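What follows is a single structure, written as structure tokens, with notes after it.
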Amino acid sequence: MSGSISLHYLLAVVPGFALIACGQATSRQSETAPVVFEDRLVIEESDDKTPLTIPPAQFPRLGECRLWKQGRPAKEQSPPGDCAQIEPTAPPESWILFRPKQDPRLVHVRVVDPDQAGRVIQVRVYDAARGTYLGSKQQRTNR
């Protein structure tokens, strides 16, 4: 009988701790909500349609990011890694290269705000093989 009581106790208490932990993580995340971008691509007249000149061999693996500082050679760039670690500390005016797992033909260039580290202000999308500009994702507005 004592074995069944401890099992019932675990089944009742453990999920409660999980809910408390999830609730705390959620409230922290909402305080610093990231900018969300639409999935659709838009090409504006004012867009810089210059092809991406970063060699594909320098792109991160699928699902990873790489901090890229324009004007610096590849050997001076940071290594690829986890996007969750790279994006929050990306310096102003840098780029974060991202390779989406769902479409390896693309590379996303997340443009960091010139005045605020870690704040992505634009997502430019390129053909990974050719470097052709395909469009930008627009910031999602609350409706």
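Which order do R99, R61 fall in if you start with the one that has the fewest other Cβ atoms within 10 Å? The partial results should precede the final answer.
Numbers: R99 21, R61 12.
Ascending number of Cβ neighbours within 10 Å: R61, R99.
Counting only Cα atoms, I'd like the Rg/Rh figure for the stretch 69-108, Kirkwood definition for Rh.
On the way: Rg = 11.2 Å, Rh = 11.5 Å.
The Rg/Rh ratio comes out at 0.97.
I'm a student and want to see the number: the projected area of the Cα convex hull of the stretch 36-143, averaged over all directions, in nm². Could you put the intermediate results ahead of the total?
Numbers: hull surface 28.5 nm².
Here the figure is 7.1 nm², rounded to one decimal.
By per-residue mean of other Cβ atoms within 10 Å, what is the highest-first order of 71-78, 112-119? All intermediate terms of the calculation are to be shown ahead of the outcome.
On the way: 71-78: 9.2, 112-119: 14.4.
With the highest mean Cβ count within 10 Å placed first, the list reads 112-119, 71-78.
Below 8 Å between Cα atoms, with a sequence gap of 6+, how large is the relative contact order for the stretch 38-139 in percent?
Normalised by residue count, the contact order of the stretch 38-139 is 29 percent.
Where a number appears in this text, it was derived from the coordinates with a stated rule and is not lab data. Given the structure is predicted, the values throughout are model-derived calculations rather than measurements. A quick note on method: Cβ atoms are made from the backbone with ideal geometry, for glycine too, and the neighbour counts reach across all protein chains shown.
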